[in-house]
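The values are calculated or read from the model by the stated rules, or taken from the named source; none is laboratory data. Quantities reported herein were computed from a predicted structural model and do not represent experimental measurements. When we count neighbours, we look across all protein chains shown, and the Cβ atoms used for this are built from the backbone with ideal geometry, even at glycine. Keep in mind that these areas ignore ligands, DNA and RNA; they rest on the heavy atoms of the full protein, side chains included. Shrake-Rupley method; radii C 1.70, N 1.55, O 1.52, S 1.80 Å.
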2 protein chains.
Amino acid sequence: MTDLCTTNALRLIQVAEDFRAGLSGEFSAVHGISVNEFLLLLHLERATANRLSRVDLAKRMHVSASTITRMAAPMEKIGLVGREVDDRDARLVFVVATSMGREKLSQSLATFSKRASYLFSDRWEDEELEKFSEMLRCMIGGTGDTLA
Amino acid sequence: MTDLCTTNALRLIQVAEDFRAGLSGEFSAVHGISVNEFLLLLHLERATANRLSRVDLAKRMHVSASTITRMAAPMEKIGLVGREVDDRDARLVFVVATSMGREKLSQSLATFSKRASYLFSDRWEDEELEKFSEMLRCMIGGTGDTLA
DNA sequence: GCAAAGTACTTGCATATGAAAGCGATTCGC
DNA sequence: GCGAATCGCTTTCATATGCAAGTACTTTGC
């Protein structure tokens, strides 16, 4: 049923953009970070060894490597992330969250969760949310480097 | 259940971005337009009288009015949209799709639908897709000026 | 009626981002 | 081993976008 799939894809994009737009305002006002900076910290926390190279981050965040370079620089300056070099490969410079970065992530994640639960607020049963979650999980690309 | 909502919101964002990223490549390669230009044309077609003012478009597309001005200019130049002034209010300049614009939308929508049906490809029953669709519909902001 | 406030659009400036080129470092082919 | 190709990162340039100021028009308050 192409038409239903089309409608669903359109709504998916619309809901995601609505949600991100609302989040963006609260994040910059309350936590002083952007949604992308939040997602960067979240990717770090969910990664093995809690660190990622810039190219890995770029792939996971659907942005270019240069964007990661420029996003990480100010975050490093204000102490949210640090860098770790690889003993074996001097080209690799891992981005790693500092304790301040993890604290910032924790606070931001609370805001995120608050808005997420408002988005799904009390409208559906757990069973419905589980089904929804499972469907979304199937739609995520197969690389496995996923946030949720 | 905050945790499940959080997971769902994260997955929602991720799936939407995956989908948009894939679409972006095919759109520019095959149709020579961006995803935002496609959405602009789609908003025009779904609007009453098939036309919208720049501020209306801006609100519906989550972008600023200046972005609409600058998006519409090249689309007007290549003949995808035109402008119509309002008899009553000389400030209003409606954006309206030309026949070429509607043709471009039709072709692009076919690409969109193809990818949408691949995203949901044969994994679920119509009943599940209907449920999914209904849940998304409830999450869309209440303005009613919606694409789907 | 007319000034003040509001509205629709455009433009200037600052920021964010991607593509491509550049630079080191590593790996591959031989 | 050594040159060539590849890889990770940074920088440069071009584009996209938002915000705020500017312009033209309309509505409101009196």
Between chains A and B, total accessible area buried, probe 1.4 Å, no ligands or nucleic acids, nearest 100 Å², roughly 5400 Å²
Copies of residue B:89 compared via label points 7 Å along Cα→Cβ give distances in nm, shortest first, of 5.8
Mean other chain Cβ within 10 Å across A:15-28 is 4
Relative contact order of chain B (C-alpha contacts under 8 Å, at least 6 apart) in percent is 21 percent
Low-density loop trypsin sites (Lys or Arg not before Pro), segment A:16-114, at most 13 other Cβ within 10 Å, DSSP non-H/G/I/E/B, are A:88, A:91
In Å, the Kirkwood estimate of hydrodynamic radius for chain A over Cα pairs equals 17.0 Å
Here the correct list, in nm and shortest first, of distances from residue B:125 to the same site in the other copies, label points 7 Å along Cα→Cβ, is 1.5
One residue of chain B has its C-beta nearest the axis rotating B onto A; that residue and its distance in whole Å are B:16, 2
Stretched fully, the stretch from residue A:65 through residue A:49 gains (0.36 nm per residue minus C-alpha distance, one decimal, in nm) 3.7 nm
For the protein assembly as shown, the per residue accessible area (1.4 Å probe, Å²) is 51 Å²
Residue B:3 and residue A:123 label points (each 7 Å along its Cα→Cβ direction) are spaced in nm at 2.4 nm
Over its alpha-carbon atoms, segment B:64-148 yields an Rg and a Dmax in Å of 17.8, 52
Kirkwood radius from Cα pairs of the protein assembly as shown plugged into Stokes-Einstein at 20 °C, 1.002 mPa s, gives D in µm²/s equal to 103 µm²/s
On the accessible surface of segment B:2-139, probed at 1.4 Å with all protein chains in place, carbon and sulfur together account for a percent value of 49 percent
In Å, the Kirkwood hydrodynamic radius from C-alpha pairs for segment B:11-68 sits at 12.5 Å
